[in-house]
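S.K.: Once you've had a glance at the structure underneath, I'll fire off some questions.
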């Protein structure tokens, strides 16, 4: 006989198996372990140490992005201070000043007065070296929907007319607005502040209207409609003549008694027969003309689409000649 305790063993074993399976899935599932705080701190430390090695080797252009990535993974005052010093070594005064100011704020939040003082003094020492770029936008230049960009990044309207610290170097400026011709320029900022005024954007040329849709009335179709109309009119005329001839013939026949008919009635009957023959001919001709007109309407080629005017040219170079060919 199996005891109650022994009877519970298989259930406990199954529960253990389920827990182990869950643990394995948790370890192997894409649960974004790289988003955990511990992983971010580890990644930030590796980037920080690699950046320090680059600084010792004088590779500041390689070290600065690593310091920035380390701070993004795990923001620290020490990382920001090193990032500012790295930028300063590259001559990027505005970026260094911004890093020191950010380090000052972070140190203040965590209560590190020593680091806050270091960051503030570093920022103050750089302040006289800053160069600023001011983008002036006069009222006349502020077209509806105006977008001003520096190196491809749009500037907020609040930045217009404000001297913004920038790193020395070249900057691509642009201004664009709906219905206006875009304006672009490149300036160099070195040892002094620069100011650039955005001109009034000229109106964009109005595009030519699209060509009208091709008309259904091609010459062949127009001819076909005319022939079909004339043929229909001929058929109607022939039918009317046929009724008139029949009416005359019936009248002449009714005036005759037996085999005796006056000469006048005989002439009337003959004229009626001639008119009937003419009506038949008119109907036949009208039917033929109508058929030709209908064929022209049905089988006429479709109208051609009008092409936009343009100029095409090509250059041909031969062994002993050179020539240009064009189409207008």
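S.K.: Which is in a helix (DSSP H, G or I) and free of Cβ contacts under 8 Å to residues at least 24 places away in the same chain, of 104, 88?
M.R.: Sole residue among the options that is in a helix (DSSP H, G or I) and free of Cβ contacts under 8 Å to residues at least 24 places away in the same chain: 104.
S.K.: Would you confirm whether or not the range 206-216 contains a residue that is outside the structural domain of residue 165 (by TED's automatic domain parsing), in contact with a helix residue (DSSP H, G or I) (Cβ under 8 Å, 6 or more places away or on another chain), surrounded by fewer than 13 Cβ atoms within 10 Å (Cβ to Cβ) and over 30 Å from residue 145 (Cα atoms)?
M.R.: no
S.K.: Within the range 150-159, does at least one residue satisfy the condition of being in contact (Cβ under 8 Å) with a residue 12 or more places away in the chain, assigned by TED's automatic domain parsing to the domain that holds residue 44 and crowded, with 18+ Cβ neighbours inside 10 Å?
M.R.: no
S.K.: Now a separate question. With 75, 65 as the choices, which residue is closer than 22 Å to residue 38 by Cα, outside any helix (DSSP H, G or I) and either without any contact (Cβ under 8 Å) to a residue 24 or more places away in the chain or not assigned by TED's automatic domain parsing to the domain that holds residue 179 (or both)?
M.R.: Checking each option against the conditions leaves just 75.
The values are calculated or read from the model by the stated rules, or taken from the named source; none is laboratory data. Bear in mind the structure is a predicted one, so any value in this text is a computation, not a measurement. No Cβ is skipped: glycine too gets one built from the backbone with ideal geometry, and neighbour counts run over all protein chains shown.
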